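The block underneath contains the structure these notes are about, expressed in structure tokens.
The values are calculated or read from the model by the stated rules, or taken from the named source; none is laboratory data. These figures come from a predicted structure and were not determined experimentally. Virtual Cβ from ideal backbone geometry, glycine too; neighbours counted across all protein chains shown.
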Amino acid sequence: MARYDRIATIPPPRREDTFAGWMTLRDLTGRERDQQLGRRARLRFLALRPVQRLLRRGLSGVSARSLGMQVDSVRNELSFLSADDPERDRLMAYLAEVGGRTPAGLVNATLDVGGSAEAAGHTYAAEEFYRTGLEITRLHDLTELGIRSLRRLGRIHLARGEWDAAIDFYDRSAILAEASGDLVGWARGRRGIAAVRSCMGDAEEARWILDAVATRGRDEAAPMVEAMAAAGRCTLERHEGELEAAVEAGWAALQLMDEDEEPRNAVLLEMASCFRRMGLRSAAEASYEIVAVRSAWPEHRMEARVEHAVVAAEMDSVEAFRSRRDWLLEGRAPGDPHLACLLHLGLGHGCMAIGDHAEARHHLRQAISTARDAGLDTMLTRAEALLSALERNAGVTGPPRARVPAPEAARRIARDVESLGEALVQQD
Amino acid sequence: MALIAALLPAEAQRQALGAAAPDHDVVWAVDWRELMRTVKARPAAAAVADLHAEKGKDGVLRVHRFSERFPLTPILVWGDLDGRDLLRLGKAGATDVVPGGDADNADLVTEMVCDAVLDRLADRIDEALDGRVGPEARELVRSGTARIATGLQVPDLARAHGLSVSTLERRCDQWGLATPGRLLLWLRILYGLRWLLEPGRSVESVSGQLGYSSGAAFRRALKATVGGRSTPPRTADAFERALELFVAECPGDPSLLAARP
């Protein structure tokens, strides 16, 4: 039994009342004895300190020798991370930028490492890296990077349910973007606020915000702004269960975006989820096929490939699911732990859907093991929850998830998406 | 030159601190208890301690006790610090940390030590005088604050500035400061009140550090300047009020006062 720790009961200090970089350690709260997480948190803490030192003293206020020693000291600790841990490469690149001392390089590096922490569910570490990056953008007038940093901070606070802070950061990003003539940046900020309102249960307010963005996009002949609004509307309506409205908004967004724009793939993934709920399997599969081919993001590609298999399982096409699963497992296992978790989580879900509980357990345990080793808390939570559900319901066949009848408008859009998929096949 | 109270058992650590703070006085403690006693008895500007200085003792808990008793005295924590240590140290009130890998980085350690021993009270007094008296007057006050805990007297202050006592008195008058004697009295009061904000200090220990023969002597000086009850107040408001009274006693440089909006 762990000894009582009086220090554990002390509330965390405010950022300005503690030493530089301490906030990166806050994700350890409640998990102080998790040695893996402790080592990772310590590494991020040590990595951030040289940048915060440069912030305090000025980019040229630290001798090359001393900064080099501090950076080398961090580099020596990287061996704690396994060779295939993606955060290791990110930190190596980050440390190179720290040595380079260019403002934009430092900001991009902090955003990158912050993104890695955020993907792992370590929001306090992510926040501290983003805040550090934001401070650099302010000192060096890096407006575009400042807008991105503000949006990321909005996203962090949204993830933690800290609505006021989330809205504040998104709003500041929108204001800064608008002031610098970046209308798309403004739209992204406003879309972020709409997402917060939606999470707060105020869908009407969220719709109003997105409609205002769309109107401005039309008025100022900015199709990407309109597309942002439509994409936001697609996500909102899907969360609200308004699937017809979601696919209509998604289709509108697709018409406004170029084929090679990554946000288009995010919209297709949203639409695919809607098609699945409505039993429109072919359209869902076509959406996933398009994303799997076109997306430049490994996460989107993996999600698309895995869900392409799972949709077959959900529609009781056992052979199709098994065939797709085999194809996915034939190739080299993804080195990136995040992608590996996506793969095994999805296949675990698919195996559960066809009643193959033994294989489902295998995949979920694989996901749990990978997530644990790589410190991917969000993935770990999802995998553990799914495994618990499996163990609770093993052997019990419940009714299939209720499908929403597909209205004619949704069917028409589904056929259009299938045509996109066919066109893609013909191109290839 | 500041006084640093240090609890660093390893010779390498002592050398590293010595290299980082060559201009400061270091008083070495052998354990946490002695470190606390040192800071209580002497006007240490900062403390430095190896988290694992005493085997079997929870160093973080000691840091916490230190920061509870001396909340205004920075404490730098050295050593091999894992993630849990670092998390707890932030909550315990450590001012900054020197992880094992950074102990040999002389520039870095020097920066941290300098930040820790920064006389924030001197800055606060200077800020209060800004716009009321000129830079030479503020420089004189600053030199007084730097040595107030060494039993500084008016002749010492005059000598430090290459002046006779009578010349110093004339300059203080010209610059719009209080007389040199009142200036030093006020600085002792302000430092005394500031130190008494720390629960770990007693009136007796503070009086001794300021050169008073006893706590009663300090109390009398306090009553003569700030007024009020004989028990010295231990509140931030009391300190701020004393600072206001000190500034008000300085007539100010007429040319600066006239230029104020």
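What the table below lists for this structure:
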read-out: Selected residue (only one of A:D89, A:D85, A:D112, A:D72 is free of Cβ contacts under 8 Å to residues at least 24 places away in the same chain and within 18 Å of the chain's Cα centre (by Cα)); value: A:D112
read-out: Candidate set from the stretch B:46-92 (those that are under 12 Å from B:L7 (Cα atoms) and β-branched (V, I, T)); member that is surrounded by the fewest Cβ atoms within 10 Å (Cβ to Cβ); value: B:V63
read-out: All positions within the stretch B:164-190 that are among the hydroxyl-bearing types (S, T, Y) and under 23 Å from B:G131 (Cβ atoms); value: B:T179
read-out: Residues satisfying the stated conditions in the stretch B:182-232, i.e. farther than 15 Å from B:G151 by Cα, among the hydroxyl-bearing types (S, T, Y), part of a helix (DSSP H, G or I) and touching a residue at least 60 places away in the same chain (Cβ under 8 Å); value: none
read-out: B:E68 being more than 9 Å from chain A (Cβ to nearest Cβ) and either free of Cβ contacts under 8 Å to residues at least 12 places away in the same chain or not aliphatic (A, V, I, L, M) (or both); value: yes
read-out: Condition check for A:A292: within 19 Å of the chain's Cα centre (by Cα), assigned to a helix (DSSP H, G or I) and either free of Cβ contacts under 8 Å to residues at least 24 places away in the same chain or under 25 Å from A:V184 (Cβ atoms) (or both); value: yes
read-out: Count of residues meeting criterion [small (G, A, S) and surrounded by fewer than 18 Cβ atoms within 10 Å (Cβ to Cβ)] in the stretch A:345-373; value: 3
read-out: Test for B:H24: is it over 21 Å from the mean Cα position of the chain (by Cα) and more than 13 Å from chain A (Cβ to nearest Cβ); value: no
read-out: Lone unmet requirement of (1) surrounded by 18 or more Cβ atoms within 10 Å (Cβ to Cβ); (2) at pLDDT below 95; (3) farther than 18 Å from A:Y124 by Cα for A:P50; value: (2)
read-out: Residues (part of a helix (DSSP H, G or I), more than 10 Å from every other protein chain (Cβ to nearest Cβ), within 16 Å of A:G375 (Cβ to Cβ) and among the acidic types (D, E)) located in the stretch A:43-100; value: A:E87, A:D89
read-out: Subset of the stretch B:203-261 [hydrophobic (A, V, I, L, M, F, W, C), under 17 Å from B:L190 (Cβ atoms) and loosely packed, with under 13 Cβ neighbours inside 10 Å]; value: B:A224, B:A236, B:A248
read-out: Test result for A:R216, more than 20 Å from the chain's Cα centre (by Cα) and surrounded by 17 or more Cβ atoms within 10 Å (Cβ to Cβ); value: yes
read-out: Candidate set: the stretch A:9-42, residues that are among the hydrophobic types (A, V, I, L, M, F, W, C) and at the interface with another protein chain (Cβ under 8 Å from one of its Cβ atoms); chosen: the one surrounded by the most Cβ atoms within 10 Å (Cβ to Cβ); value: A:L25
read-out: Residue in the stretch B:93-107 that is among the aliphatic types (A, V, I, L, M), closer than 24 Å to B:E68 by Cβ and either more than 10 Å from chain A (Cβ to nearest Cβ) or surrounded by fewer than 21 Cβ atoms within 10 Å (Cβ to Cβ) (or both) present; value: yes
read-out: Residues satisfying the stated conditions in the stretch A:329-341, i.e. under 22 Å from the mean Cα position of the chain (by Cα), at pLDDT 90 or above and over 16 Å from A:D377 (Cβ atoms); value: A:L339
read-out: Number of the exception - B:R142 against (1) assigned to a helix (DSSP H, G or I); (2) more than 10 Å from chain A (Cβ to nearest Cβ); (3) touching a residue at least 24 places away in the same chain (Cβ under 8 Å); value: (3)
read-out: Condition broken by A:A125, with the remaining ones in (1) in a helix (DSSP H, G or I); (2) more than 14 Å from chain B (Cβ to nearest Cβ); (3) more than 22 Å from B:N105 (Cβ to Cβ); (4) not acidic (D, E) satisfied; value: (2)
read-out: Selection count where residues are closer than 18 Å to A:M315 by Cβ and polar (S, T, N, Q), scope the stretch A:240-289; value: 3
read-out: Cross-chain or 6+ apart pairs with Cβ under 7 Å, the stretch A:315-331 first and without any contact (Cβ under 8 Å) to a residue 60 or more places away in the chain, then part of a loop (DSSP other than H, G, I, E, B); value: A:V318/A:I354; A:F321/A:I354
